[in-house]
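Each remark here refers to the structure printed beneath this line.
The values are calculated or read from the model by the stated rules, or taken from the named source; none is laboratory data. Predicted, not measured: the structure shown is a model, and the values here were computed from it. Methodologically, a virtual Cβ is constructed for each residue, glycine included, from the backbone with ideal geometry; neighbour enumeration extends over all protein chains shown. Heads up: the accessible areas ignore ligands, DNA and RNA and are worked out on the full protein's heavy atoms, side chains in. Shrake-Rupley method; radii C 1.70, N 1.55, O 1.52, S 1.80 Å.
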Amino acid sequence: MTPGGEPSFTETDGPALDDATALHLLRDGVMEVAGRLVEATNMTLYCTIRNGRHSAACVYKPVRGERPLWDFPDGTLAAREVAAYEVAAVTGWRIVPPTVYRDGPFGPGMVQLWIDTDPEADPVALMRSSNPALRRMAVFDAVVNNADRKGGHLLPLTDGHVYGVDHGVCFAVQDKLRTVLWQWRGKSLSREAVSVLKRLEREIDKGRLGRRLRELLIPAEVVATRDRVRRLMESGVHPHPSEDWPAIPWPPV
């Protein structure tokens with residue numbers, strides 16, 4: 001099993017739920033802690049969640065369990081995870097599993113759906129591949145300034161789709177992009193990516209996304225996100241690694 005989820009999942013006694021129903025379950029369902037993911041750096045709890053006849057498994061990361069970081073303000077990682085989902089939702093690429101910020105058994109925190117990944121997938125081969133889902137994720141990571149895109153944060157499904165999780169160290173004002181997805185550095189952005197970037201710019205400036213980001217991040221981080229979108233459109237290419245910041249997280253997987 002791997003932490004995460006997808007916009008639709010199987011309910012206990014019926015057909016797959018749509019995204020709106022999934023988010024409603026995450027926000028309002030009753031959570032019960034079933035265990036802890038001990039390999040995670042911060043407190044990460046595996047839970048079940050139920051609301052009437054709908055139920056699912058989820059990951060719960062309470063703010064009180066966040067380890068202080070020197071380069072990110074204390075107590076902000078859960079909100080950054082939710083902000084990443086909000087950006088991903090606007091792209092339409094299904095990059096981040098449905099994620100909400102809510103109160104839980106150990107106080108407020110991030111709650112995200114959990115899915116099982118393809119047991120036959122090779123994480124090293126995946127992160128080195130030219131999978132189109134990963135190219136979209138590389139664009140997304142550049143937008144949110146992901147400082148920790150490890151191979152282990154990629155969730156491959158049996159149908160070929162790939163989700164990304166663990167976005168707590170995103171949205172810094174300074175350039176902190178660290179990723180294993182540099183396959184497309186310097187290559188022209190796809191038409192699809194340019195279209196998505198234009199949508200993101202509109203939504204940050206005048207739409208719901210901008211309002212949500214201002215609720216979850218500080219104003220300078222929202223402005224920096226919009227500016228990264230604009231720089232990507234102006235350059236027309238995938239970014240190169242920074243010379244002032246390690247290009248690949250450690251460990252990479």
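Checked against (1) open to solvent by 20 Å² or more (accessible area, probe 1.4 Å); (2) within 29 Å of GLU120 (Cβ to Cβ), GLY186 meets all criteria but (2).
Taken over segment 189-200, the criterion of being under 20 Å from the mean Cα position of the chain (by Cα) and crowded, with 19+ Cβ neighbours inside 10 Å is satisfied by ALA193, VAL196, LEU197, LEU200. Of all the numbered requirements in (1) open to solvent by 40 Å² or more (accessible area, probe 1.4 Å); (2) within 12 Å of the chain's Cα centre (by Cα); (3) within 20 Å of GLY210 (Cβ to Cβ), VAL100 misses one, and that requirement is (1).
Give the residue that is farthest from GLN183 (Cα to Cα), with candidates limited to residues of segment 232-253 that are part of a helix (DSSP H, G or I) and out of contact with any helix residue (DSSP H, G or I) (no Cβ under 9 Å at 6 or more places or on another chain). Residue satisfying both the conditions and the ranking: GLU234.
Note on segment 127-141: among residues that are touching a strand residue (DSSP E or B) at 6+ places or on another chain (Cβ under 8 Å) and farther than 18 Å from GLU234 by Cα, the one that is surrounded by the fewest Cβ atoms within 10 Å (Cβ to Cβ) is ASN131. Between ASP166, ASP175, the distinction of being under 28 Å from GLU66 (Cα atoms) and touching a Ser or Thr at 6+ places or on another chain (Cβ under 7 Å) belongs to ASP175 only. Residues in segment 78-88 include none that are among the hydroxyl-bearing types (Ser, Thr, Tyr) and in contact with a Gly (Cβ under 9 Å, 6 or more places away or on another chain).
Looking only at segment 142-169, residues that are over 17 Å from PRO98 (Cα atoms) and open to solvent by less than 10 Å² (accessible area, probe 1.4 Å) come to 6 in all. The residue that is modelled with the lowest pLDDT, counting only those in segment 12-50 that are under 15 Å from PRO98 (Cα atoms) and among the charged types (D, E, K, R), is ASP18. The lone criterion from (1) touching a Ser or Thr at 6+ places or on another chain (Cβ under 7 Å); (2) open to solvent by 50 Å² or more (accessible area, probe 1.4 Å); (3) within 15 Å of GLU215 (Cα to Cα) left unmet by GLU81 is number (2).
Only one of the numbered conditions (1) in contact with a Lys or Arg (Cβ under 7 Å, 6 or more places away or on another chain); (2) part of a strand (DSSP E or B) is not met by TYR101, and that is (1).
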